[in-house]
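I have placed the structure first, in the form of structure tokens, so that the comments after it can refer back to it.
No value in this document is a laboratory result; all are computed from the given coordinates. Quick caveat, the model's predicted, so the values are computed rather than measured. Methodologically, a virtual Cβ is constructed for each residue, glycine included, from the backbone with ideal geometry; neighbour enumeration extends over all protein chains shown.
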Amino acid sequence: MPIEKKKLIEMYTTMVRIRTFEERAAKEFAAGKIPGFVHLYVGEESVATGACANLRPDDYITSTHRGHGHLIAKGGKTDRTMAELFGKKTGYCKGKGGSMHIADVDIGMLGANGIVGAGIPIAGGAALAAKMKGTDQVAICFFGDGATNTTRFHEGVNMASHWKLPVVYVIENNLWAMSTRTTDVSNITNITDRAAAYGIPAVAVEGNDVLAVYEAVGKAVARARKGEGPTLVECRTYRQRGHSEGDRQTYKPKEEAEEWKKKDPIPRFRKKLIEMGVLTEKEADKIDQEMLEELDKAVKFAEESPLPDPEEALADVFA
Amino acid sequence: MKEINYMQAQNEAFDEEMARDPSVFLLGENVDTWGAAAPSTRLIDKYGPERVRNTAISETAILGGAIGAAAAGMRPIASIMFVDLFGIIGDELINQLQMRYMFGGKLKLPLTIHTGHGAGVSAAAHHSKSLYVWLMAIKGLKIVVPSTAYDAKGLLKSAIREDNPVVFLTHKMLARLTSQVPEEEYLIPLGKADVKREGSDVTVVAMSFMVHRALAAAAKLQQKGISIEVIDPRTLVPLDKQTIIGSVKKTGKLVILDEEPKTGNAAGEISAIIAEEAFDYLDAPIKRVCAPDTPVPFSPVLEKFWIPDEDDLIKAVTEIM
């Protein structure tokens with residue numbers, strides 16, 4: 001079934017929104033306005049966008065340390081996201097989570113996570129709740145190539161597979177686990193091979209092609225909703241920036257970075273939409289401009305928002 | 001009233017709470033079939049495999065799954081056989097259970113971690129620890145350490161109803177210990193200590209199995225004319241400081257009996273609280289009667305030497321009289 005024009009434009013807009021957010025976050029971080037660490041999603045926007053385009057507001061996602069894109073793709077607002085990065089009272093977590101732990105449970109976003117792979121069993125648990133309550137909600141669990149080597153991956157995928165939980169594992173294989181290639185620390189060269197160990201289907205897609213991600217994750221989500229269990233979807237993509245801001249990336253071959261820059265998911269989708277007649281250059285430019293303006297407002301909101309009261313540190317330990 | 005043991009009491013608590021609230025469920029290793037000593041016995045027959053979920057040997061997925069399920073509106077009970085296995089679930093305990101705080105208070109995480117602990121059955125170092133202080137160091141976690149069947153039932157029901165993560169520690173040495181419990185439903189709130197024996201000369205604070213050692217020592221000391229007040233905090237977080245301080249005001253003397261090694265244990269924390277908040281009422285130094293700073297040994301003779309007993313407590317009390 002062809003994808004509706006409106007959906008395609010939404011996907012383009014989401015990708016540009018994430019990119020613009022990330023570039024602005026980099027700028028504000030460099031200017032010293034964002035404390036802590038920031039891990040940016042530049043170059044991988046097609047994965048969160050294509051995957052979350054299959055979800056309903058009541059579905060769940062778990063995210064990673066590189067989580068702004070997942071939050072925005074699930075429906076998070078750029079102003080409250082930016083305010084959280086700034087450590088402000090108006091941020092999604094009232095300034096208690098920051099970039100690396102940002103969450104909005106109201107839209108089913110169960111958290112970015114400072115621990116690699118920690119979201120894997122948690123997504124399974126959310127999917128278990130859906131199954132036990134008899135809803136047809138699903139959970140998408142985002143994680144990177146590095147997380148596939150953790151205990152959490154083995155135990156979490158094994159349990160979810162056995163119980164046929166409605167969870168979809170979306171692996172963002174961006175080639176680098178910080179500064180280590182996963183293939184340098186594991187015998188497994190194709191991550192999808194791991195699915196055989198759990199008796200679940202797996203598919204690898206070009207992660208920088210948002211429509212390929214949308215389609216593959218869409219099939220996996222439909223399968224999960226029908227109660228047929230998890231699927232592993234490997235999205236091959238590339239982290240264009242450092243592991244976190246400030247990383248000089250001396251370990252990355254220049255040619256590799258240049259080659260992937262040519263495969264940047266946003267210009268290629270824009271070109272495709274223009275070829276398809278979904279957007280004109282002018283209309284695409286307008287979206288780009290609107291996102292720049294939205295981010296100007298988001299930064300202004302973050303800057304002008306109050307800081308939390310210091311005593312706020314004492315609240316919310318227990319319900 | 002009826003007489004039931006510590007494990008039966010927990011079985012009743014699980015049963016009553018599962019009957020009351022369909023969002024309560026149990027997951028863990030062997031929770032469906034394990035023998036009569038296990039608190040989940042026969043629940044599978046009544047609630048089926050959907051709510052008594054037997055799992056692989058995957059502690060990380062058990063607790064991680066419970067966290068996700070709790071975040072999505074269920075009320076899971078994660079069974080982790082022994083507290084000694086908590087090293088495996090370190091990330092979930094110290095990083096993931098803190099979701100509520102890190103998300104700015106938007107979320108409730110109603111889950112219970114049920115686990116066994118304690119020395120005394122020659123299970124050696126991998127199956128005999130208590131780790132109270134590890135647990136106390138984790139923020140956002142309540143800790144229940146019941147010493148009787150009566151307490152176990154009422155506290156476990158409260159733990160399951162709690163909208164926060166709670167770890168419920170059941171001591172191996174207490175499994176067959178019986179108490180009178182009411183036929184009708186009762187709850188014991190978390191954070192309320194129980195004076196297990198009233199006395200006037202020395203306050204002894206003890207948890208779980210050590211409560212019984214303290215009571216045995218108190219009976220012997222009574223014969224020597226020394227009156228011991230035994231306080232059982234019942235929960236380490238929240239800790240009922242006021243009951244302990246109130247007792248110290250009366251007796252002027254405090255001994256803490258803790259089955260864990262002395263360095264960095266719960267007794268140290270309680271000592272510090274009393275030294276800080278009730279120093280003026282103390283007539284003698286605070287004494288800590290604890291296990292030595294070693295792993296738990298295997299051979300019965302070694303283990304007996306290792307676990308603090310009545311004689312150790314009597315000696316400490318006598319020193320400050």
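Would you please give the FRET efficiency between B:A56 and A:A313, computed as 1/(1 + (r/R0)^6) with r the Cβ-Cβ distance and R0 = 51 Å, to the nearest 0.05?
Numbers: r = 39 Å, r/R0 = 0.77.
Efficiency, rounded to the nearest 0.05: 0.85.
For all pairs of alpha-carbon atoms in region A:114-164, what percent lies in each bin of width 5 Å, listed from the first bin to the last filled one?
4, 23, 30, 23, 12, 6, 1
Could you sort the peptides A:271-278, B:172-179, B:265-272, A:45-52 by per-residue average Cβ neighbour count (10 Å cutoff), highest mean leading?
Numbers: A:271-278: 13.8, B:172-179: 17.1, B:265-272: 21.1, A:45-52: 29.6.
Packing proxy ranking, top to bottom: A:45-52, B:265-272, B:172-179, A:271-278.
For a bin width of 10 Å, list the pair-distance distribution of region A:94-220 built from all Cα-Cα distances, rounded to whole %.
In order of increasing distance, the bins hold 12, 41, 38, 9, 0 percent.
Report the label-to-label distance for A:M178 and A:K262 in nanometres (one decimal), using points 7 Å from each Cα along the Cα→Cβ vector.
Inter-label distance under the simple model: 3.2 nm.
What is the fewest-to-most order of A:R248, A:R223 by other Cβ atoms lying within 10 Å of their Cβ? Write out the running numbers ahead of the final one.
On the way: A:R248 7, A:R223 19.
The order, fewest Cβ neighbours first, is A:R248, A:R223.
If you take all C-alpha pairs in region B:1-66, what percent of them are over 15 Å apart?
For region B:1-66, the share of Cα pairs beyond 15 Å comes to 52 percent.
Working out 0.36 nm times the residue gap between A:K297 and A:E283, then minus their Cα-Cα distance, what length gain in nm do you get to one decimal?
2.9 nm
How much mean residue ellipticity at 222 nm does chain A get from its helices, if each DSSP H run of length 4 or more adds -39500 (n - 2.57) and you divide by all residues, to the nearest 500 deg cm²/dmol? Each step should come with its number before you reach the end.
Working: 10 runs with 136 residues, N = 319.
So the calculated ellipticity at 222 nm is -13500 deg cm²/dmol.
First select every other residue whose beta carbon is under 15 angstrom from the beta carbon of A:E4; then total the charges, Lys and Arg +1, Asp and Glu -1.
Details: positive: A:K5, A:K6, A:K7; negative: A:E10, A:E215.
Surrounding charge for A:E4 is +1.
Debye sum, Cα scatterers, chain A, no solvent: what log₁₀ I/I(0) at q = 0.10, 0.11, 0.12, 0.13 1/Å?
Those come out to -0.54, -0.66, -0.79, -0.94, one per q.
For chain B, take the longest principal axis of its alpha carbons; what is the angle in degrees between that and the long axis of helix B:241-251, to the nearest 10 within 0 to 90?
In chain B, helix B:241-251 runs at an angle near 20 degrees to the longest axis.
Could you state the angle between the C-alpha long axis of helix B:59-71 and the longest principal axis of the C-alpha atoms of chain B, as a value from 0 to 90 degrees rounded to the nearest 10?
On a 0 to 90 degree scale, this one is about 80.
Out of the DSSP beta bridges found with both residues in the protein assembly as shown, what percent are antiparallel (nearest 5)? Intermediate results must be reported in sequence, preceding the final value.
Numbers: 11 of 67 bridges.
Of all bridge pairs located within the protein assembly as shown, approximately 15 percent are antiparallel.
Compute and list, largest first, the equivalent-ellipsoid semi-axes of chain B from the alpha carbon gyration tensor, each √(5λ) rounded to a whole angstrom. Mind showing how you got there, number by number?
On the way: eigenvalues 218, 84, 74 Å².
Whole-Å semi-axes of the equivalent ellipsoid: 33, 21, 19.
Using the charge dipole of the protein assembly as shown (Lys, Arg: +1 at Cβ; Asp, Glu: -1 at Cβ; taken about the Cα centre), state which of B:Q223, A:V317, B:I77 has its Cα farthest towards the positive end.
B:I77
Could you name the aspartates and glutamates in cross-link range of A:K33, using Cα to Cα under 20 Å and dropping any fewer than eight places away on the same chain?
Straight-distance partners of A:K33: A:E22, A:E23, A:D79, A:E84, A:E245, A:D247, A:E293, A:E294, A:D296, A:E303, A:E304, A:D309.
So for B:M99, A:M132, A:M82, fewest C-beta neighbours within 10 Å to most, what's the order? Could you put the intermediate results ahead of the total?
Values: B:M99 26, A:M132 20, A:M82 29.
Result, fewest neighbours first: A:M132, B:M99, A:M82.
Positive end of the charge dipole of chain B (Lys, Arg +1 and Asp, Glu -1 on Cβ, about the Cα centre): tell me which of B:I88, B:A278, B:F305 has its Cα farthest that way.
Projecting each Cα onto the dipole axis, the largest value belongs to B:A278.
Using the charge dipole of region A:5-302 (Lys, Arg: +1 at Cβ; Asp, Glu: -1 at Cβ; taken about the Cα centre), state which of A:T280, A:Y169, A:A129 has its Cα farthest towards the positive end.
Checked the options; the winner is A:A129.
Taking the Cα centre of the protein assembly as shown as origin, work out the dipole magnitude from +1 charges on Lys and Arg Cβ and -1 charges on Asp and Glu Cβ, in debye rounded to 20.
Numbers: 78 positive and 87 negative charges, 154 e Å.
So the dipole magnitude of the protein assembly as shown works out to roughly 740 debye.
For the protein assembly as shown, what are Rg and Dmax over the alpha carbons, in angstrom?
27.8, 97
If packing is taken as the mean number of other Cβ atoms within 10 Å per residue, what is the order of A:86-99, A:3-16, highest first? Each step should come with its number before you reach the end.
Values: A:86-99: 22.6, A:3-16: 17.7.
The densest-packed peptide leads the list: A:86-99, A:3-16.
What spacing in nm lies between the two simple spin-label points modelled at B:K106 and B:M321, each 7 Å away from Cα in the Cβ direction?
Each label point is offset 7 Å from its Cα along the Cβ direction, giving 6.1 nm.
Within 10 Å of each Cβ of B:91-97, how many other protein chain Cβ atoms are there on average?
Values: counts 10, 5, 0, 1, 5, 8, 0.
Neighbouring Cβ atoms belonging to other protein chains average 4 per residue here.
How big, on average over all directions, is the shadow cast by the Cα convex hull of region B:2-181, in nm²? Before the final figure, lay out each step's value.
Values: hull surface 38.0 nm².
Mean projected area for region B:2-181: 9.5 nm², to one decimal.
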